[in-house]
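Below is one structure, written out as structure tokens; comments come after it.
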């Protein structure tokens, strides 16, 4: 079963549920005997069920079936579908198209909730053709909106926006405020799914402004849920919580328990972000109750995973692991890749917390494999959407061409029409030939460019190897021969001094080799940049202990100037690698009693400036000009004889380019250097 979260009930059930009149004119007063009704304890529903037992088989009864199905839809899908089917069968017998529209809206609402979007699309396309034949503009707009919902549920977001846009233009033309409120809300849900929260926030505001004219409608509750998501992204937790509590009130008023799961899930998430563990536990238990009531595996996974995080922060890792495994088993049973990924992330963090690094590595490998599956599925869905979009556009073009030909047939003689058709075919073939030739030329040009780049990269790579790796290796070889020849002749102090020099040389070669490998991985695309939001200061503090030890051994003073919190977006591992390399270089080229300063300072537009400044040897303008050129190898020694090739800085620059940032350098020979970038 697929959970459709934060998306509407099928928004326009089109007909208002009001006292009915006999619209069919069918006379026979027959009592309908086949009823599904039993007392539910809901006064309004029980009243309709009793009315059904004595109703005549006319359009009023078909509408009554629809009303009953609508009320059951909030808590019993099986009975809701049964009543919608009864409404359709009676409407077909009476040849009452309005009843068919009601059936399509209500029945597809249930299909979408159960994840059967393709079946829903088939039904909507059937009634769309019926509405077009009747030239019913208002009905066409509503069905277009419903089709947009189906594609929204399928994650075909661009297609969904196209359908919503078509419906929006009709509603604007007709000045239908309530339907405009629905469209604004639906477009907000699409932008939320596409992680475009500013657009989501804007459309949700427009929607609520219109829905506030009818404050207790169930559709306002759906808009409030989606608006709460946007507020939560902006960390406006109090406003988000108030929206969700208002949505809870409206859902309870309508006895619609289906969307309570979304409400409790979001309330629990807000409590989690505020570290209010008691509230988090309360809402998770409510969510679990809804999940069990609707037999919803996604809500079940969310609830148990949340309990896992709850116990983790309480310090009971074993209990947290039990909850996480329960959620993982459900995710595996129902093949829910997103939930599996989240469960493995929790289990990995628990293993790290328990210092069980072998198990943590196992879970991280599972994370990587599931991430590959998710990326593939996303690509497949996008390709499928593009293919369907192409087929639809192709079909529309073909229809336009046919209509054009028919129109021309009424204006010209048959001979002229045949000539036009021949000309069109000839031009199409010619255009196709030209397009194929252009594609072939473009492919050849792209291939030649790629080969040229590969040759250039290869030449640069071998230049580095021959210049910076070959000579130190030969020198190390000669020194080792000298050591072997004199090991019995030299005293302990000489041997110790000579061995330390060899060790420094070897360490320089290891550093160069690591830089070469990292550079090669970047060039071949094996280093990927995964952008997430994290606290840069916290990551740096835990990663610079090795640099501090290196500085202490050399007698260089390290100074750190960082705010308590510096929230940035990027790949944490890659950014920390850049800063660590810059610090290592600064220590290397700074004499004892010198100073190296790392600063993280806020800048404009939510950015930070990260800089590493030293009081070392500095660089000449010529050296700075060639600093990032592979064809101008820079082999330099630190103040204590450390080896340096300059390739590490090139790797840093490449990693920053992956973050849309640049590495800047300011230096004066004999007075030190400053390297900085923004993130």
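The values are calculated or read from the model by the stated rules, or taken from the named source; none is laboratory data. It should be emphasised that the depicted structure is a prediction, and the values quoted were computed from it without experimental measurement. A quick note on method: Cβ atoms are made from the backbone with ideal geometry, for glycine too, and the neighbour counts reach across all protein chains shown.
Please tell me if residue 306 is modelled with pLDDT of 85 or more, within 22 Å of the chain's Cα centre (by Cα), over 19 Å from residue 241 (Cα atoms) and crowded, with 17+ Cβ neighbours inside 10 Å. Lay out the reasoning, then the answer.
Numbers: modelled with pLDDT of 85 or more: yes; within 22 Å of the chain's Cα centre (by Cα): yes; over 19 Å from residue 241 (Cα atoms): no; crowded, with 17+ Cβ neighbours inside 10 Å: yes.
No.
Yes or no: residue 70 in a helix (DSSP H, G or I) and farther than 25 Å from residue 295 by Cβ? Walk me through how you get there before you give the answer.
Details: in a helix (DSSP H, G or I): yes; farther than 25 Å from residue 295 by Cβ: no.
No.
Only one of 449, 456 is in a helix (DSSP H, G or I), surrounded by 10 or more Cβ atoms within 10 Å (Cβ to Cβ) and at pLDDT below 65. Can you tell me which? Step through it out loud before you land on a result.
Numbers: 449 fails: at pLDDT below 65.
Going through 449, 456 in turn, the sole match is 456.
Looking at 203, 258, can you tell me which residue is out of contact with any strand residue (DSSP E or B) (no Cβ under 6 Å at 6 or more places or on another chain), assigned to a loop (DSSP other than H, G, I, E, B) and buried (at least 17 other Cβ atoms within 10 Å of the Cβ)? Break it down stepwise before answering.
Details: 203 fails: assigned to a loop (DSSP other than H, G, I, E, B).
Unique residue meeting the criteria: 258.
What's the number of the only condition in (1) in contact with a helix residue (DSSP H, G or I) (Cβ under 8 Å, 6 or more places away or on another chain); (2) free of Cβ contacts under 8 Å to residues at least 40 places away in the same chain that residue 169 fails to meet?
Only one criterion is unmet by residue 169, namely (1).
Just to be sure before I move on: is residue 235 within 24 Å of the chain's Cα centre (by Cα), modelled with pLDDT under 85 and more than 30 Å from residue 43 (Cα to Cα) in the structure I sent? Step through it out loud before you land on a result.
Numbers: within 24 Å of the chain's Cα centre (by Cα): yes; modelled with pLDDT under 85: no; more than 30 Å from residue 43 (Cα to Cα): yes.
So residue 235 fails the test.
For (1) closer than 26 Å to residue 289 by Cβ; (2) surrounded by fewer than 18 Cβ atoms within 10 Å (Cβ to Cβ); (3) touching a helix residue (DSSP H, G or I) at 6+ places or on another chain (Cβ under 6 Å), each residue gets a yes or a no:
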| position | (1), (2), (3) |
| --- | --- |
| 53 | no, yes, no |
| 91 | no, no, yes |
| 96 | no, no, yes |
| 112 | yes, no, yes |
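Considering only residues that are surrounded by fewer than 23 Cβ atoms within 10 Å (Cβ to Cβ) and within 17 Å of residue 313 (Cβ to Cβ), which ones fall in region 324-345?
Result: 342, 345.
Those residues that are surrounded by 14 or more Cβ atoms within 10 Å (Cβ to Cβ), part of a helix (DSSP H, G or I) and at pLDDT below 80, I need them from region 522-546; list them, please.
522, 523
With the condition kept exactly as written, say whether any residue in region 252-259 is touching a residue at least 12 places away in the same chain (Cβ under 8 Å) and either under 22 Å from the mean Cα position of the chain (by Cα) or under 20 Å from residue 346 (Cα atoms) (or both).
Here is the first cut: in region 252-259, the residues touching a residue at least 12 places away in the same chain (Cβ under 8 Å) are 253-259.
Applying the additional criterion that residues be either under 22 Å from the mean Cα position of the chain (by Cα) or under 20 Å from residue 346 (Cα atoms) (or both) yields none.
No; the residues of region 252-259 include none that is touching a residue at least 12 places away in the same chain (Cβ under 8 Å) and either under 22 Å from the mean Cα position of the chain (by Cα) or under 20 Å from residue 346 (Cα atoms) (or both).
Residue 143 is checked against (1) at pLDDT below 90; (2) buried (at least 24 other Cβ atoms within 10 Å of the Cβ); (3) assigned by TED's automatic domain parsing to the domain that holds residue 114 and fails just one. What number does that condition carry?
If we test residue 143 against (1) at pLDDT below 90; (2) buried (at least 24 other Cβ atoms within 10 Å of the Cβ); (3) assigned by TED's automatic domain parsing to the domain that holds residue 114, just (1) comes out false.
Run residue 195 past the list (1) within 28 Å of residue 159 (Cβ to Cβ); (2) in a helix (DSSP H, G or I) and report the number of the one that doesn't hold.
All conditions are met except number (2).
Taking residue 331, is it touching a residue at least 24 places away in the same chain (Cβ under 8 Å), within 26 Å of the chain's Cα centre (by Cα), assigned to a helix (DSSP H, G or I) and under 22 Å from residue 72 (Cβ atoms)? Before you say what the answer is, go through the steps one by one.
Details: touching a residue at least 24 places away in the same chain (Cβ under 8 Å): yes; within 26 Å of the chain's Cα centre (by Cα): yes; assigned to a helix (DSSP H, G or I): yes; under 22 Å from residue 72 (Cβ atoms): no.
Spelling it out, it is not the case that residue 331 is touching a residue at least 24 places away in the same chain (Cβ under 8 Å), within 26 Å of the chain's Cα centre (by Cα), assigned to a helix (DSSP H, G or I) and under 22 Å from residue 72 (Cβ atoms).
Pairs under 9 Å by beta carbon, first residue outside any helix (DSSP H, G or I) in region 465-487, partner at pLDDT 70 or above and surrounded by 13 or more Cβ atoms within 10 Å (Cβ to Cβ), six or more apart or different chains?
Sorted first by the residue in region 465-487, then by its partner, the pairs are 487/495.
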